[in-house]
Structures are given as C-alpha cells and as structure tokens.
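Trainee: The structure is given below, and queries will be raised subsequently.
The values are calculated or read from the model by the stated rules, or taken from the named source; none is laboratory data. Keep in mind the model is a prediction, meaning the values are calculated, not measured. Neighbour counts are summed over all protein chains in view; Cβ atoms, including those assigned to glycine, are modelled from backbone coordinates with ideal geometry. Surface accessibility is based on the protein's heavy atoms, side chains included, excluding ligands, DNA and RNA. Shrake-Rupley method; radii C 1.70, N 1.55, O 1.52, S 1.80 Å.
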Amino acid sequence: MVNKVLIANRGEIAVRIIRACRELGITTVAVYSEADRNALHVRYADEAYFIGPSPARDSYLRMDKIFDAARRSGADAIHPGYGFLAEREAFAAGCAEHKITFIGPRPSAIAAMGDKLVARATVANAGVPVVPGTEGEGSLRDEEIINVAPQIGFPLLIKATAGGGGKGMREVRSAEELPGLVQSARREAEAAFGDGSVYLEKLVEGARHIEIQALADTQGNVIHLGERECSLQRRHQKLLEEAPSPLVGEDQDLRNRMGEVACKAAAAVNYVNAGTIEFLVDKDRRFYFLEMNTRLQVEHPITEQVTGVDIVKEQIRIARGRKLHIAQDDVKLTGHAIECRINAEDPYNNYLPSTGRITHALLPTGPGVRVDTGVFPGFEISPYYDSLISKLICWGETRGEAILRMRRALEEYRILGVKTNIPFHQTLMDSHRFIAGNFDTRFVEERFSMQEADEGKEEHPEIAAIMATLVAHRQSQLAAQIVQRGKRDASNWKWVGRWERMHR
C-alpha cells in the first residue's frame, strides 16, 4: 500500500503531486533546499524536511538525503516528479533497497530507456524505426564520436544519454566545430544529470516533434492516451505543447500506428507506470523513435484535459499494484488543449533568465483555463533551478476556441517583479503560421521574431510617461507619510490590562 508519499522534487510539479495525493487521502512529505524554505510545496505538504544548500547537486540530487528524509518521515513511497532524480536507475533501485515504493518504472526499464543509446538499440531490435545515429551501447570517447560523425553525416545533434529537456544537447553543422561542442555538451550533461556521456543523432530538418503518452500496469496492460505536439521549441527546450497534434489532426490511422509503436517500445522493456515515447515526423509523415522519457512529462496536463484521465493519480494506482481503470478502446480525445510554459525570462533580450522577488501575481481564471504553478507574491525566483514559473493550460471544443481562450488568459495573467515570456506567447498566438498549424521544430529560432512582430504596432510614449510620473508621485507621498510614535510605547489594551492586574 501507498499511505505516505515523499515528493523528491520542487516547484509546480511537487504541488501538482501533493494535490493528487490529497484527493486520494494520502499523507504527503516535501523536501526543500535553502532557497525553497518558503516554497509553495513546503506549505502544502503535511510534513517538510530540509535537505541542504540551494544548488541541486547539494540537495535535490542527493539520494542519501532523500532517503534519510523518507526514513525520518516514515514515508512508504517516493514520487520523483520530472527532472532531478526521476530518470536515475540507481535512485529507483535504492527505493527498492530501502523497501520504499518508487512511483515510476522499474530500475531495469529506466536503465534500458533512460540511457538513450541503450533505448535506441532496444527499440531497434523490437522493430521500431529510429533516427540514424550512433549505434551500440556504452559510453563513447571523444575520439570515437569525432570519427563516426562523418559516417552519419552533418548536420548532427549531440545528445546526453542520461536525460532530456534540451540539457547536454548541441547542434553541429561541420566537423570543425564538433570537438568544442562535444566538450560543452558533456559539461552541461554532467551538471544536469551527473553523467557526461553523449551520443550523436542525425538532425532531421523540417521535422515535427510528436510524443505519445503511455500507461502500463503490473498486469501487463499497456495503453496510450494519444499524442502531443511539441514542435515549438527554442534551444531544444519546449515552449508550447498541444493535444492533439494539428499535424495528425483527423488522421486516425497515423495516430493508431504511432500509438501501437509506442506501446510496442514500452512492452519491449516490460515498462510499468507512466512514460512518454517521443517521435520525429518528417515532411512525408514518416515517424522515427527519438527517445523515451521514463517519467511524468512537464506537459502531461494537456493530455489530461482532452482524455479526462488524471495521470498522476493513475501513477499512484499503478504503484499500488492496481489494474489500469481504462482500456485502449475507452480512450477518447475530446476537444483541444494548449499549454504555454510561463518562464522567468526576457523575450526582448535574447530570453535571458530573470531572477528576483515576485511582487504581484494575478492568475487567469474562467471556463477551460487551468494554471499549474508553484509561486506566489513574495516568492523569490532564484538562479539555482529551472526558470519555469507556471504552466497555463487552456481547453476548447476546437483548436480555434483553445487559441482564443489562451489569448484571453494571457491578457489576464499579471506577474510583477520579474520579466516573463508572456509577451512571447501572446505574439505566438497571433502568428498566422501557428494558427494554421504550419510549423516545425525550427520555427521559433528561424522564422519567428518578437521584434518583427512588434513592427507597425502603435506606441504611446506620452501615456507611459504619465503613468511613470503618477507612480513616482504616489511613492513619494507614501515616503512622506511618517507617523510619529505616541508618547506611550504600548497600546490602550495593554494599559487597561496592566491597570486591571494592579487593582486585583
């Protein structure tokens, strides 16, 4: 049984898991670093344990501290969320050694699919098409990578074997820049995942990035919950996701074939729990296995919105040994959902990260609007972690309605204290290519510009000057209103209390 869950994560995903556990009547335990002492997930959990300094390598990536917190709290299960230790085989195996239920796949499945090279070999042996790239298993030396690159052909992608999310990934256009980029990718992968191993993969140009959400229970049942469109990226980091994909659309045959291949890939490693199989789809609608994420995805809410399946609750039920409560024939995609990742970054200054204290936050609400967040007014956005502030999800009966609803929600969203990429998403919602569904993984970097989108817009500098003057005047008034302390240093209530005590 799972009665007390420790969430080995932070931010919005920790809050999301805590809420699911609370609805299931499960006690929750949070862990936090120095930077997260006042974080929302710490406030929401039933118990919270300090695990170290702010850098992730000294706190959220320390398995020994996580297990110590589980021992002290008496937690009988751990949910890793995404990132940090979620795809570490040693962490899942350590849970088994400590007799703690790991809410995720078996260590063997993480080893097979978490290591991207092993995953490619595994699914290729199962007959699943893969993107051309480095073949075989094991860590490759720099010399081996440099020698094999011309055989695969440029352009190439250097990718980390131990993780995803764009970390440890570099694009290579020529042999001359390969050595330096390999070293750079290794350093970033080591910092993010504790493993600097990388491999090469052919860059499929003009491709769409589409992923399939899979669920598998301990009784051998494997189903998929349809696809998600994840092509809108910058520096290999997803910015916006949709479900279903506008490329797949009404092509149920393509959806079924991709779903069947995804289930086949999961079954090849005896996969259990929630996982995502990612594909690249070329211009001719041929799809290739890209990788499998053996964890909950950031963008899982859009699948929940169109299927009605609570994926986090389903993870917990599977971890309890229960059978999937839904069969493949019962999965129906209803409407359309879009997710915008709201990040603390400046879209007008090369998307530089923005840190500081959030002074004001007004979240959008209304029909079909959902916000998953872990911040609040007064929360400090630190440089130690991902810049994600929240996920804004909008559902509509059609894609057009979802876009209109997202426009309205973005207009309502107010965050002060740090810069955000809300203007980027607002501009994207007005892009003709986005509205038409005519984009690929290079669209944002090569065919989208905030500056060009702003050209022709009417500006009113005089209104801005008036507003700035009014704000400055208001602040000066507040500074001038200094209230002098009274002669007595205590309130009348205290004086009455003292008088009563003296006359007893």
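Results for (1) buried (at least 23 other Cβ atoms within 10 Å of the Cβ); (2) at pLDDT 95 or above, shown as yes or no for each residue.
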{"residue": "Glu241", "(1), (2)": "yes, yes"}
{"residue": "Ser245", "(1), (2)": "yes, yes"}
{"residue": "Arg255", "(1), (2)": "no, yes"}
{"residue": "Lys264", "(1), (2)": "no, no"}
{"residue": "Ala268", "(1), (2)": "no, no"}
{"residue": "Arg285", "(1), (2)": "no, no"}
{"residue": "Glu291", "(1), (2)": "yes, no"}
{"residue": "Thr307", "(1), (2)": "no, yes"}
{"residue": "Ile318", "(1), (2)": "yes, yes"}
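Residues are listed down the side, and each one gets a yes or a no for (1) more than 20 Å from the chain's Cα centre (by Cα); (2) surrounded by 14 or more Cβ atoms within 10 Å (Cβ to Cβ):
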residue	(1), (2)
Arg399	yes, yes
Gly417	yes, yes
Phe424	no, yes
Ala436	yes, no
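Trainee: Out of the residues in the range 106-117 that are assigned to a helix (DSSP H, G or I) and touching a residue at least 40 places away in the same chain (Cβ under 8 Å), state the one that is farthest from Glu278 (Cα to Cα).
Mentor: Ser108
Trainee: Every residue in the range 344-366 that is more than 20 Å from the chain's Cα centre (by Cα), part of a strand (DSSP E or B), surrounded by fewer than 17 Cβ atoms within 10 Å (Cβ to Cβ) and of a type outside the set (D, E, K, R), please.
Mentor: Gly356, His360, Leu362
Trainee: Follow-up question, since we're still on this one. Quick check on the range 252-265. Is at least one of its residues touching a residue at least 24 places away in the same chain (Cβ under 8 Å), out of contact with any strand residue (DSSP E or B) (no Cβ under 7 Å at 6 or more places or on another chain) and assigned to a loop (DSSP other than H, G, I, E, B)?
Mentor: No: zero hits.
Trainee: In addition: Considering only residues that are modelled with pLDDT under 90 and either among the hydrophobic types (A, V, I, L, M, F, W, C) or closer than 16 Å to Gln305 by Cβ (or both), which ones fall in the range 190-239?
Mentor: Ala191, Ala192, Phe193, Val198, Leu200, Leu203, Val204
Trainee: One residue is enough: does the range 340-351 have a residue meeting the conditions under 19 Å from Arg10 (Cβ atoms), touching a residue at least 40 places away in the same chain (Cβ under 8 Å) and of a type in the set (A, V, I, L, M)?
Mentor: yes
Trainee: Output the residues belonging to the range 315-343 that are in a loop (DSSP other than H, G, I, E, B) and basic (Lys, Arg).
Mentor: Keep residues of the range 315-343 that are in a loop (DSSP other than H, G, I, E, B), which gives 320-327, 331-335.
The answer is Arg320, Arg322, Lys323, Lys332.
Trainee: With the condition kept exactly as written, say whether any residue in the range 153-166 is open to solvent by 30 Å² or more (accessible area, probe 1.4 Å), within 23 Å of the chain's Cα centre (by Cα) and farther than 22 Å from Lys264 by Cβ.
Mentor: yes
Trainee: For the range 1-105, list the strands (runs of 3 or more DSSP E) that sit wholly inside it and hold at least 2 residues that are open to solvent by 20 Å² or more (accessible area, probe 1.4 Å); which are they?
Mentor: Output list reads 27-33, 47-52.
Trainee: Right, Thr441: farther than 17 Å from Glu345 by Cα, among the hydroxyl-bearing types (Ser, Thr, Tyr) and not in a helix (DSSP H, G or I) or not? Break it down stepwise before answering.
Mentor: On the way: farther than 17 Å from Glu345 by Cα: yes; among the hydroxyl-bearing types (Ser, Thr, Tyr): yes; not in a helix (DSSP H, G or I): yes.
In short, yes.
Trainee: Restricting to the range 110-145, and then to whatever is basic (Lys, Arg) and open to solvent by less than 40 Å² (accessible area, probe 1.4 Å), can you tell me which residue is modelled with the highest pLDDT?
Mentor: If we filter the range 110-145 for residues that are basic (Lys, Arg), which is where we start, we get 116, 120, 141.
With open to solvent by less than 40 Å² (accessible area, probe 1.4 Å) added as a condition, the list becomes 116, 120.
On the way: Lys116: 74, Arg120: 81.
Out of the qualifying residues, it is Arg120.
Trainee: Scan the range 386-403 and give yes if some residue there is within 25 Å of Ser59 (Cα to Cα) and at pLDDT below 95, otherwise no. Can you show your working first?
Mentor: So in the range 386-403, the residues within 25 Å of Ser59 (Cα to Cα) come out as 386-391.
From what is left, the residues that are at pLDDT below 95 are 386-387.
Yes, the range 386-403 contains at least one residue that is within 25 Å of Ser59 (Cα to Cα) and at pLDDT below 95.
Trainee: So, one more: Any residue in the range 496-504 that is open to solvent by 90 Å² or more (accessible area, probe 1.4 Å), among the aromatic types (Phe, Trp, Tyr) and at pLDDT below 95?
Mentor: Yes - at least one qualifying residue is present in the range 496-504.
Trainee: Quick one: Glu260 ticks every box in (1) out of contact with any Pro (no Cβ under 9 Å at 6 or more places or on another chain); (2) of a type outside the set (S, T, N, Q); (3) open to solvent by less than 10 Å² (accessible area, probe 1.4 Å) except a single one, so which number is it?
Mentor: (3)
Trainee: If you don't mind, there's one more thing I want to ask. How many residues does the range 190-239 contain that are small (Gly, Ala, Ser), part of a loop (DSSP other than H, G, I, E, B) and open to solvent by less than 30 Å² (accessible area, probe 1.4 Å)?
Mentor: Qualifying residue count for the region: 4.
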